[in-house]
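The values are calculated or read from the model by the stated rules, or taken from the named source; none is laboratory data. On a predicted model such as this, the values are computed, not experimentally measured, just so you know. Ideal geometry is used to build each Cβ from the backbone, glycine not excepted, and the neighbour counts take in all protein chains shown. Just so you know, the surface numbers come from the protein's heavy atoms only, side chains and all, with ligands and any DNA or RNA stripped out. Shrake-Rupley method; radii C 1.70, N 1.55, O 1.52, S 1.80 Å.
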Amino acid sequence: MENATPTAPRKQVQIYTDGACSGNPGPGGWGAILVFGPHRKEMNGYMAGTTNNRMELFAAISALGALKEPCDVKLYSDSNYLVQAFQDHWIDGWKKRGWKNAAGQAVENQDLWFILLAQTKKHHVTFYKVKGHADHPENIRCDELATGAIKEYRRINAMDEESKA
């Protein structure tokens, strides 16, 4: 009988994400909250000329990318686009069809889907849908982080414009 080296159980992490866009396309923001036991980390950022769906994906990518080791992750999002792609196996269909959707058109945001898929291979991720802007405190906070990032983008952009004048 071989001696098997026991592997340490993976850390159990909850991630909450949201994306926002002011105009679609327009300036966008994303927010994420990572929870591990008593530890909590909030993250956010912004991009110019993006879409809401891209911000939803980028929030998940950024949060998963912040994990320092493989983890068991429960990822909560109000994005049907993000959650259903995994829960309803849209991604499997896209792959089989050469990254074409059911209508035969190229799947949008392939660059981000490829990054997100690479992140999900590092971790065991289960996606959960939450009702957006309702009674879920972490989802509400993620929305605040995302919209706050858009405000920060606008503030910085306004300062840049003033300095040029």
*Residue list for segment 77-103, filter: open to solvent by less than 50 Å² (accessible area, probe 1.4 Å) and modelled with pLDDT under 95*: Asn101
_Condition first: among the charged types (D, E, K, R), open to solvent by 60 Å² or more (accessible area, probe 1.4 Å) and in a strand (DSSP E or B). Now tell me which residues in segment 7-28 satisfy that._
Lys11
*asked:* Here's a check for you: in segment 104-131, which residue that is polar (S, T, N, Q) and under 20 Å from Tyr16 (Cβ atoms) is surrounded by the fewest Cβ atoms within 10 Å (Cβ to Cβ)?
replied: Thr126
*Top-ranked residue in segment 66-76 [being more than 10 Å from the chain's Cα centre (by Cα) and of a type outside the set (Val, Ile, Thr); ranked as least open to solvent (accessible area, probe 1.4 Å)]*: Cys71
*Sort out which residues of segment 49-60 are of a type outside the set (Lys, Arg) and either modelled with pLDDT of 95 or more or open to solvent by less than 10 Å² (accessible area, probe 1.4 Å) (or both), and write them in order of number.*
Thr50, Thr51, Asn52, Asn53, Met55, Glu56, Leu57, Phe58, Ala59, Ala60
_Can you say whether Ala146 is open to solvent by 50 Å² or more (accessible area, probe 1.4 Å), small (Gly, Ala, Ser) and closer than 19 Å to Pro25 by Cα, as far as the supplied structure shows?_
no
